[in-house]
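Only the coordinates and a few stated rules stand behind these numbers; no lab work does. Every value quoted in this text rests on a predicted model; they were computed, and no experiment measured them. Ideal geometry is used to build each Cβ from the backbone, glycine not excepted, and the neighbour counts take in all protein chains shown.
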Amino acid sequence: MSQQFNRLVVRATLALSGLILAASAHAGDPEMWSRIRASLFQDRPIVEASGDFLRLDAPTRAEDAAVVPISIHTGIPQSAGQYVQNTWLIIDQNPSPIAAKFVFTPSSGQADIETRVRVNEYTLIRAVAELNDGSLHMVSKFVKASGGCSAPAGKDPAEALASLGKMKVRVEGDVIPGKPSLAQLMISHPNDSGLAFDQMSRNYTPAHYVREISVTYAGKKVMTAEVDISISENPNFRFYFVPEGAGVLAVEAIDSSDLKFNTAVKLDTGKNVAASVKPAAGS
Amino acid sequence: MQFPFTSSSLLLRHVIQFRSTHFITGRLALLAALLSLGSNPVHATNNDKLHAQKIARGVYVLPGDGAAPNANNLGRVGNLGFLVGKTGVVIIDTGSSAARAQELIHAIKTVTNKPLQYVLISHPAQEVLFGDGVFKDLGVPIWSQVHTPRLMAQRCDHCLETLIQVLGEDRMKGTRLVLPTAYAFPSGSFNLAGRKISVVEGPQGTVPGNLVIRDEATGVVFSGALLSVHRVPAVQDTSPLAWEQALTFDGLAKAYAVVPAYGPIALSSRAMQLKTPQDRQSFISIQDAISQLQGYLRDLDHQARGLYERRLPLEEVTQQPSVFPYMDWDDYSPNHGHNLFYRYLQLESEDLMSK
């Protein structure tokens, strides 16, 4: 029995030291982070968030470095008194590390975001949330993936051009006034990073990406996002909004060539009878 | 290499589990495919992987196992083939390393002293073309379909590093990435090294860059990635349903024997009859091989659709519990997870494009 116990202690110690080693191996590149931190937040204090307050989910090893699913969850319901105002998604080792800045309002209901990103090399991915009181909170996760930023587009360029800017926004479940509803936005766009080498033309495909997204419900701002080349081809976002009654959930996206794309759905409360009120349009 | 459902009770358990979590639609086809397994072919032992196996007159295979390259199989994965013609030898695929290519050359030399004249690369995969450098140094032209060098150049930055990591520097010594030359194959049959062959690109729906190579004298077909036996293929660049359709290509069904890229060789009933009952255990019938892979592709599509309709977040797609009845196939992990991931993205894209 005591031998078994000793073995257990040895195993636990080994496991613990393994964890410590793993944690230290995943410290990332502190110099890179200090540069990003200085440019975005200067010397403002940043609290390491824990528990449900702020959580970042990402695969430890990505299936595809060009499509790495990322979820940022917050444990704070958005209210006029306290809410997450801004969330930065930062990929330390990417050529352009600030992947996105999401701006929320109390009408967001829940400042959660899901999206997919490109990862260029093994890196720490961070979410930094700024509350309306100005405090900064951060979580990070080490992700093993490489080559995502220079990966060629999955879709044939001619096909991608034909469907450029087609968008769909969908609301999950029933729409209940005052309760956060989950919406999903899908955009057909190559989101070319400018870093992918085209083997056929022997040139780099020029950067062409969605740079801004704004979402309103019944005319009220729900969420805006400044996004960058780190967002995967066919940008995809899940976010919350709080419907106070029937209304139109409207989305506008602007890309790096200043093309504007719109879509909207009309929602009734109760049973979700969402209907598209406006086809996706490029301008 | 293990084959699925070595006992009927295991088969039944898988089918019951599968039915409990999936819709019934299409299940009968799956059941039929599973029941059609009959005798399970026995895979090549490590030793067999060094000796050429004669399939028909002048047609040989250096067999590999269907698993991903690992320290045990030393990267002897995938079936490499060669045809002995009047003037020389046509090689089909070169293996995962320079060392494997040397093993192939050694195996050829035990059969014939004719010169090595042409190499054909059947599909873009690290398992079949990292021996190219050896043949290039010997001055042998290396041909493939046009997509193969493009896809390999785009994707294979890290292939060599990964293979060195997995197989070790000793085994990978002298290995380098040499891209094949994109070749415009004539339609119909043509003469290569004094052997009449025909080459079909695709067929459409399978892996881009795939070639199906038929030896006209014997009716033996090298399917490339189109057919793999008891191995979960990587379904990334095409939809599983398009691949399922591609498997109806009659060049497979009419073959005397089909050498799949990975896994045991499939035989026509005529070829099977020529084998002793004991030898038959090493093979599978062409029809069973096709319908099993079709079953997998259909069920992959079905499972992915279920996940998409549930609006499961993408990060959860690869974390599904393994109740899939193909979990004993080679490369189930990680290929099935990858396949679900990519099919989910395809379905999302189809959804976005629909009205």
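Numerical summary
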{"read-out": "A:Leu89, B:Leu226, B:Leu116 arranged by Cβ crowding within 10 Å, fewest neighbours leading", "value": "B:Leu116, A:Leu89, B:Leu226"}
{"read-out": "Pairwise label distance in nanometres, B:Arg270 with B:Ser354, each label 7 Å out on the Cα-Cβ vector", "value": "4.5 nm"}
{"read-out": "Cross-link pairs A:Lys101/A:Lys221; B:Lys54/B:Lys136; A:Lys166/A:Lys266; A:Lys101/A:Lys141; B:Lys49/B:Lys136 - those with Cα-Cα distance over 21 Å", "value": "B:Lys54/B:Lys136; B:Lys49/B:Lys136"}
{"read-out": "Within chain B, helix-based [θ] at 222 nm, where runs of 4 or more DSSP H residues each add -39,500 (n - 2.57), nearest 500", "value": "-11000 deg cm²/dmol"}
{"read-out": "Stretchable slack from B:Thr248 to B:Gln281, in nm (0.36 nm times residue separation minus alpha-carbon distance)", "value": "9.4 nm"}
{"read-out": "Charge context of A:Tyr83, other residues only, Cβ under 13 angstrom, K/R +1, D/E -1", "value": "-2"}
{"read-out": "Cα→Cβ-extended label distance, 7 Å offset, between B:Leu160 and A:Leu259, nm", "value": "3.8 nm"}
{"read-out": "Gyration tensor verdict on region B:45-289 (Cα atoms; rounded if a/c is under 1.5, prolate if a/b is larger than b/c, oblate otherwise)", "value": "rounded"}
{"read-out": "For B:Ile197, net neighbour charge (Lys/Arg +1, Asp/Glu -1) across residues whose Cβ lies under 15 Å away", "value": "+1"}
{"read-out": "Sequence of A:Val103, B:Val212 once ranked by neighbouring C-beta atoms within 10 Å, starting from the fewest", "value": "A:Val103, B:Val212"}
{"read-out": "Nitroxide proxy distance, nm - points 7 Å out along Cα→Cβ at B:Glu309 and A:Thr269", "value": "3.2 nm"}
{"read-out": "From phi via Karplus (6.51, -1.76, 1.60), per-residue ³J(HN,Hα) for region A:79-88 in Hz, x at Gly/Pro", "value": "9, 4, x, 9, 7, 6, 8, 9, 10, 9"}
{"read-out": "Placed amide H near A:Ile231: partners under 5 Å, 5+ positions off or other chain", "value": "A:Arg118"}
{"read-out": "Sequence of A:Met186, B:Met272 once ranked by neighbouring C-beta atoms within 10 Å, starting from the fewest", "value": "B:Met272, A:Met186"}
{"read-out": "Coil-residue GluC sites (Glu not before Pro) of region A:185-248, DSSP, other Cβ within 10 Å capped at 15", "value": "A:Glu244"}
{"read-out": "Environment charge of B:Asp331, counting only residues whose C-beta is closer than 12 Å and scoring Lys/Arg +1, Asp/Glu -1", "value": "-3"}
{"read-out": "Gain upon complete extension [B:Ser189, B:Val146; 0.36 nm per residue less C-alpha separation]", "value": "13.6 nm"}
{"read-out": "Spin-label zone in region A:67-83 - amide nitrogen under 11 Å from a point set 7 Å from the Cα of A:Thr224 along the C-beta vector", "value": "none"}
